[in-house]
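The values are calculated or read from the model by the stated rules, or taken from the named source; none is laboratory data. Quick caveat, the model's predicted, so the values are computed rather than measured. A quick note on method: Cβ atoms are made from the backbone with ideal geometry, for glycine too, and the neighbour counts reach across all protein chains shown.
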Amino acid sequence: MVATTGTTTAGPWAGRAALGAAASAVPLVLFGGSVTTLGAGMAVQGWLIAEGHFLVFFPVEKWFRDVGTFVEHTHRLFGILVGLFLVAGLVLSWSRGARARGWALVTLAAVIAQGALGGFRVLENSPGLAFLHGAVAQAVFALLCLNAFTQCSGSAPRAPLAGHALTGARALRPAAWLGLGLLYAQVVIGAWYRHGLRPEPVDGHMGRFALHALGAVLVLAALAHLVRRGNELRASGAELSPALGRALTWLPRLLLVQLLLGGLAWAGFRPGALGPAEWLLSIAHVLGGACLLADVAVIALEATRLARGAGADLTDRAGQPALGVR
């Protein structure tokens, strides 16, 4: 049974629907990255009515007519699947309290807005909207992961924080939000750079790469600081939620993999014909960035909850300062 911070408890199906949406977003991101790499954003003419057919009834023979069409239409189908999971999750979460409903509503609204953005990109044949659609995609992916985390997690009681644990909890929150902000800025710059590479590199694409490389250095410094703050909090003996503990454990691993994938993707780029190595490395780098962003978002959310709880521990029920706080 899954419990939430509402006044009611419910079975696991709302959480499973949220997990289904987040899991379906993985191929959605991969196919979306492939659309950019292949320059296949206009491979299927039309949006809800695609080449004379309602989107979900697009003929199979057209779907498999070439790689670009297959990638673009499959991307759209996974977007629909994510939306269906979220609609089911919203219905299932309605009786679970305001927090569960709120996350479900916001996440569904974000996915609808992202889908509409992708649709208008096709209808307007707009490279600018294509870039915006790609930049927003990873924020929506992180939101999907946060929704799944929130729908599946409970609200177990936590021991009050004091001393070094209290100090560590307060220090983790700003480090997490700083890392999250810089990381998302890096995602946006990365999308700008990638959208300037295919089908042919645009003028100034090396300047975009230089900005992206500088962003990588800043993100590395910020996330290394976040890892250090997380280690200090663990060393203080603070009771961490399982989600926060896992996210802190995965952070340096995901960061290392993402840096490696970024270097390999840059080294594998060749103007002209697109090779399979560049295709695979570029979409792996996109997915790696999405996973890293989601991981840091979980840390920021949990660090905020932990710091708020620490603030509530400053004063006991009688209005006196809590023990161990100076």
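Quick notes on this one:
- All positions within the range 253-272 that are of a type in the set (A, V, I, L, M) and buried (at least 19 other Cβ atoms within 10 Å of the Cβ): L254, L255, L261, A265
- Of all the listed residues (V71, V87, V91, V67), the sole one being surrounded by 19 or more Cβ atoms within 10 Å (Cβ to Cβ) and not small (G, A, S) is V71.
- Residue in the range 285-292 that is touching a Phe, Trp or Tyr at 6+ places or on another chain (Cβ under 6 Å), at pLDDT 90 or above and within 30 Å of R173 (Cα to Cα) present: yes
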